[in-house]
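Enquirer: Dropping the structure in here first, questions after.
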Amino acid sequence: MNINWFPGHMAKARREIEEILKKIDVVIEIVDARIPVSSHNPMMDEVTSEKPKVIVLNKRDMADEDETNKWLSKFRSEGLHPVAVNGRDEQIIRKIEPLAVEATEAMFRKMEEKGINRRAIRALIIGIPNVGKSTVINNIAKRKIADTANKPGVTKRQQWIKAGSRLELMDTPGILWPKFEGEETGRKLSLTGAIKDDVVPLDEVAIYGMNFVLRHDPEAFNKFYSIHVNAASDIVEIYEAIGRVRGLKAGGNEINYEAVTSRIIYDIRNAKIGRYTFDRVGE
Ligand code: G4P
């Protein structure tokens, strides 16, 4: 496991984020639209429970559109303020700002009743590594922010970036650690690239991903690799078929299983076969 995720570091990160929260009006949590639940750290709900919350389903371009819409409805029904985006989209602030306004409206109205004038809405972006926090902040700031090195917590040096007409965004994100609850969560985090280290055995990740695609979209899988298999096919048979077609040999005629594993993970992680959402509403 990455050293930055040891319990001591997590407790420190939590304290740092709690400290910053005193200065902000709304939390913008970024999750991966392909795993909106698995890429969310539930402990963060305790820390941020007092704050209005915008939930950004990023990497929309790689997720199943129907499932994304189901997640948006579900989160909205839970009183959250959700939006699905592509973090690289030029107009991203136009999608996020209205949600931040909506999320903080009740609070500002109460302040106005007490005679306090409205001011800019102060927001902090949080999320686990690789969900696209820097991409979104860079995009909004129109410049490259400091490298956050994906260490849990919040960088000490903070500046506010003016974003849109009403929002001020902290220029470094709050970094959460991925949750290591259950094997399936780990596999999903690894398959989507949230965990890049070999925390989860890669062959398990590849087989999980392959089974998912074979269950939900077998035609696309067969077409992509030019093979003919199905969800009931033997794993070795599928590996051999992909290895042969892609020329992944270990010398002689032997199939290089590790290379097949890497290839399957790469193809699913980068949405080369299709757009899939691994966390399903209702499951
Ligand atoms: P982080 O700060 O949360 O750790 O994530 P970061 O912005 O570094 O994004 C992680 C990877 O996800 C980057 O790719 C980034 O380009 C990609 N990404 C972010 N948002 C989106 C999105 O909405 N759609 C897609 N398809 N990709 C997104 P990378 O391969 O690590 O780097 P690079 O390709 O940008 O060089």
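Enquirer: Any idea how far apart Lys144 and Val245 come out in nm if each label point goes 7 Å out from Cα toward Cβ?
Expert: With each label point 7 Å from Cα toward Cβ, the separation is 3.8 nm.
Enquirer: Give the carbon-plus-sulfur fraction of the accessible surface of the range 228-283 in %, rounded to a whole number; probe 1.4 Å, heavy atoms of protein chains only. Could you put the intermediate results ahead of the total?
Expert: Details: 1390 of 3120 Å².
Carbon and sulfur atoms account for 45 percent of the accessible area of the range 228-283.
Enquirer: Let me have the 222 nm mean residue ellipticity of the chain computed from DSSP H runs of 4+ only, each contributing -39500 (n - 2.57), with the sum over all residues rounded to the nearest 500.
Expert: Values: 10 runs with 122 residues, N = 283.
Result for the chain: -13500 deg cm²/dmol, rounded to the nearest 500.
Enquirer: Solvent-accessible area per residue for the range 182-283 at a 1.4 Å probe radius, Å²?
Expert: Working: 5150 Å² over 102 residues.
Each residue of the range 182-283 exposes 51 Å² on average to a 1.4 Å probe.
Enquirer: For the range 16-28, take each phi angle, set θ = phi - 60°, evaluate the Karplus expression 6.51 cos²θ - 1.76 cosθ + 1.60, and give the result in whole Hz per residue in order, putting x for glycine and proline.
Expert: Per-residue couplings from phi come out as 4, 5, 4, 4, 5, 4, 4, 8, 10, 9, 9, 9, 10 Hz.
Enquirer: With just the Cα atoms defining each centre, how far is the range 178-226 from the range 65-132? Give it in Å.
Expert: The two parts, judged by their Cα centres, are 30 Å apart.
Enquirer: P(r) for the range 31-113: what percent of alpha-carbon pairs falls in each 10 Å bin, starting at zero?
Expert: Bins of 10 Å from zero give 17, 47, 30, 6, 0 percent of pairs.
Enquirer: Next question. Just to verify a number: FRET efficiency for Phe6 and Val236, C-beta to C-beta distance, R0 = 41 Å, to 0.05?
Expert: With R0 = 41 Å, the Cβ-Cβ based efficiency is 0.60.
Enquirer: To the nearest 10 degrees, how steeply does helix 65-77 sit against the main Cα axis of the chain, on a 0 to 90 scale?
Expert: Orientation of helix 65-77: about 40 degrees from the principal axis.
Enquirer: Report for the range 3-179 the percent antiparallel among DSSP-assigned beta bridges with both residues inside it, nearest 5.
Expert: Details: 5 of 24 bridges.
Restricted to the range 3-179, the bridges split so that about 20 percent are antiparallel.
Enquirer: Right, next: Using a 1.4 angstrom probe on heavy atoms only, work out the carbon and sulfur share of the accessible area of the range 3-179 in %. Show your work: numbers first, answer last.
Expert: Details: 4210 of 8150 Å².
That share works out to 52 percent.
Enquirer: Against the longest principal axis of the chain, how steep is helix 202-216, in degrees 0 to 90 to the nearest 10, with axes from Cα atoms?
Expert: The angle comes out near 90 degrees.
Enquirer: Can you give the angle from 0 to 90° between the axis of helix 92-113 and the longest principal axis of the chain, with both taken from C-alpha atoms, to the nearest 10?
Expert: Roughly 30 degrees between the two axes.
Enquirer: Among 46-53, 127-134, 254-261, how do they line up by average Cβ neighbours within 10 Å per residue, starting with the highest? Numbers along the way, then the final one.
Expert: Values: 46-53: 15.2, 127-134: 24.6, 254-261: 17.2.
Highest to lowest by the protection proxy: 127-134, 254-261, 46-53.
Enquirer: Let me ask another. Kindly provide log₁₀ I(q)/I(0) values, in the same order as q = 0.07, 0.08, 0.12 Å⁻¹, from the Debye equation applied to equal alpha-carbon scatterers of the chain.
Expert: -0.30, -0.38, -0.78
Enquirer: With every protein chain left in place, what is the accessible area per residue of the range 3-179 in square angstrom, probe 1.4 Å? It would help to have the intermediate numbers written out before the result.
Expert: Values: 8150 Å² over 177 residues.
Using a 1.4 Å probe on heavy atoms only, each residue of the range 3-179 averages 46 Å².
Enquirer: Counting only residues 5 or more places away or on other chains, whose amide H sits under 5 Å from the amide H of Ile121 once H atoms are built in the peptide plane?
Expert: Sorted by chain and number, the residues that satisfy this are Leu167, Glu168.
Enquirer: Using packing as a proxy for protection, rank 88-97, 6-15 so that the peptide with the highest average count of other Cβ atoms within 10 Å comes first. All intermediate terms of the calculation are to be shown ahead of the outcome.
Expert: Values: 88-97: 15.9, 6-15: 13.9.
By packing density, highest mean first, the sequence is 88-97, 6-15.
Enquirer: What pairs in Lys23/Lys95; Lys53/Lys162; Lys22/Lys133; Lys142/Lys272 have C-alpha atoms more than 27 Å from each other?
Expert: Numbers: Lys23/Lys95 23 Å; Lys53/Lys162 19 Å; Lys22/Lys133 21 Å; Lys142/Lys272 29 Å.
Among Lys23/Lys95; Lys53/Lys162; Lys22/Lys133; Lys142/Lys272, the Cα-Cα distance tops 27 Å for Lys142/Lys272.
Enquirer: Find which of Gly153, Leu72, Met43 sits farthest along the positive direction of the dipole of the chain, computed with +1 on the beta-carbon of Lys and Arg, -1 on that of Asp and Glu, about the Cα centre.
Expert: Most positive-ward Cα: Gly153.
The values are calculated or read from the model by the stated rules, or taken from the named source; none is laboratory data. Keep in mind that what you see is a predicted model, and the values were worked out from it rather than measured. Please note: Cβ atoms are built from the backbone with ideal geometry, for glycine as well, and neighbour counts cover all protein chains shown. Note: accessible area is taken over every heavy atom of the protein model, side chains too, but ligands, DNA and RNA are not part of it. Shrake-Rupley method; radii C 1.70, N 1.55, O 1.52, S 1.80 Å.
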